[in-house]
Amino acid sequence: MPFNKENFNRDWFILRSLVSKDFKLKYRRSALGVLWSVLNPLLMMVVLTAVFSTVFRFNIENFPLYLILGQTLFTFMSDATSSAMGSIIDSAPLIKKIRINKVLFPLEKVCFALVNFVVSLIAVAAVMLFFRIAPTVNILLLPFLLAMLFMFSLGIGLLLSALSVFFRDVMHLWSVLLTAWTYATPLFYPVDILPDWAVPIMNANPMYYYVSYFREIALYGNTPSLEQTLVCLLCGVGALIVGLLVFKKQEKKFILYV
């Protein structure tokens, strides 16, 4: 037990150090620094609102808030999985020099994406304040939503980080898949405009449920249904189990390919 506790303390220290390093590197020599995590979703919301509310004329009440909720949550998943995917390859010099728990590298990237998302919630709060939408008690479900999406993103990140070590094309393919996934998720359009043939595809999209969950608790002030909660939970747990199994099975070979 003491040995396990020592390993845990060491891994926790390494994880915190890696997150701190990434945070400092991201905002190094930036005049606004961490404020960009707030300004970026706000600026994107303004641009996309101008396009989709005037050109396409989607009739969605409180469209800017509808948009920024979906945008920030999807960006969390996108940033987490994309950065985790290359974490083992980028850490090759360290992996070759010392013995270290390799799971820490993709885990740190997902943790860093979560930190950025939490900061971006300031932008969400500002939009809610502007539209005078008061949060209800259901907003307390946000940590539970983030825990489920964290597991989902980490599972995919672990899977991608393992596969990309052996097949570098995965890194290029994932960027294409993320673009398609963005348009396949109702971030800036209402679900009811979809044709009948696209409904089953939407129902098979995990991010549709996560984004809808976020809007239910933050925009509409509703309690998500039990079915919606179970889908989000199962997607998170399922992705994490698959990702861990693949990662653990292949991690001993990483040093031969990085």
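Would you confirm whether any residue within segment 82-91 is at pLDDT 85 or above, surrounded by fewer than 16 Cβ atoms within 10 Å (Cβ to Cβ) and not polar (S, T, N, Q)?
yes
Looking at segment 180-213 only, could you name the residues that are of a type in the set (S, T, N, Q) and either in contact with a Phe, Trp or Tyr (Cβ under 7 Å, 6 or more places away or on another chain) or buried (at least 17 other Cβ atoms within 10 Å of the Cβ) (or both)?
Residues satisfying the conditions are Thr182, Thr185, Ser212.
Just to be sure, is Phe117 buried (at least 20 other Cβ atoms within 10 Å of the Cβ), without any contact (Cβ under 8 Å) to a residue 60 or more places away in the chain and in a helix (DSSP H, G or I)? Step through it out loud before you land on a result.
Numbers: buried (at least 20 other Cβ atoms within 10 Å of the Cβ): yes; without any contact (Cβ under 8 Å) to a residue 60 or more places away in the chain: yes; in a helix (DSSP H, G or I): yes.
It is true that Phe117 is buried (at least 20 other Cβ atoms within 10 Å of the Cβ), without any contact (Cβ under 8 Å) to a residue 60 or more places away in the chain and in a helix (DSSP H, G or I).
Given the criteria among the aliphatic types (A, V, I, L, M) and either out of contact with any Lys or Arg (no Cβ under 7 Å at 6 or more places or on another chain) or at pLDDT below 90 (or both), does Ala50 qualify?
Yes: the conditions hold for Ala50.
Kindly list, by first and then second residue, each pair from a residue in segment 171-185 that is more than 12 Å from Phe74 (Cα to Cα) and modelled with pLDDT under 95 to a residue that is among the small types (Gly, Ala, Ser) and surrounded by 14 or more Cβ atoms within 10 Å (Cβ to Cβ), limited to pairs with Cβ atoms under 7 Å and residues at least 6 apart or on different chains.
Final answer for the pair search is Met171/Gly86; Met171/Ser164.
Please go through segment 214-228 and give me each residue that is touching a Phe, Trp or Tyr at 6+ places or on another chain (Cβ under 8 Å), touching a residue at least 24 places away in the same chain (Cβ under 8 Å) and in a helix (DSSP H, G or I), ordered by number.
Arg215
Give me a count of the residues in segment 92-107 that are over 26 Å from Thr185 (Cα atoms) and touching a residue at least 60 places away in the same chain (Cβ under 8 Å).
Looking only at that region, the number is 9.
Given the options Leu234, Leu226, Leu245, Leu230, name the one that is more than 21 Å from the chain's Cα centre (by Cα) and either within 13 Å of Leu145 (Cα to Cα) or surrounded by fewer than 17 Cβ atoms within 10 Å (Cβ to Cβ) (or both). Spell out the reasoning first.
Details: Leu234 fails: more than 21 Å from the chain's Cα centre (by Cα); Leu245 fails: more than 21 Å from the chain's Cα centre (by Cα); Leu230 fails: more than 21 Å from the chain's Cα centre (by Cα).
Answer to the selection: Leu226.
Say whether the condition of being more than 20 Å from Ile60 (Cβ to Cβ), touching a helix residue (DSSP H, G or I) at 6+ places or on another chain (Cβ under 7 Å) and part of a loop (DSSP other than H, G, I, E, B) is met by at least one residue in segment 202-213.
No, segment 202-213 contains no residue that is more than 20 Å from Ile60 (Cβ to Cβ), touching a helix residue (DSSP H, G or I) at 6+ places or on another chain (Cβ under 7 Å) and part of a loop (DSSP other than H, G, I, E, B).
Look at Ile122 and say whether it is modelled with pLDDT of 95 or more, over 14 Å from Thr229 (Cβ atoms) and within 21 Å of the chain's Cα centre (by Cα).
Spelling it out, it is not the case that Ile122 is modelled with pLDDT of 95 or more, over 14 Å from Thr229 (Cβ atoms) and within 21 Å of the chain's Cα centre (by Cα).
The values are calculated or read from the model by the stated rules, or taken from the named source; none is laboratory data. What you are looking at is a predicted structure, and each value in this text was computed from that prediction instead of being measured. As a convention, Cβ positions derive from the backbone with ideal geometry for all residues, glycine included, and neighbour counts pool all protein chains shown.
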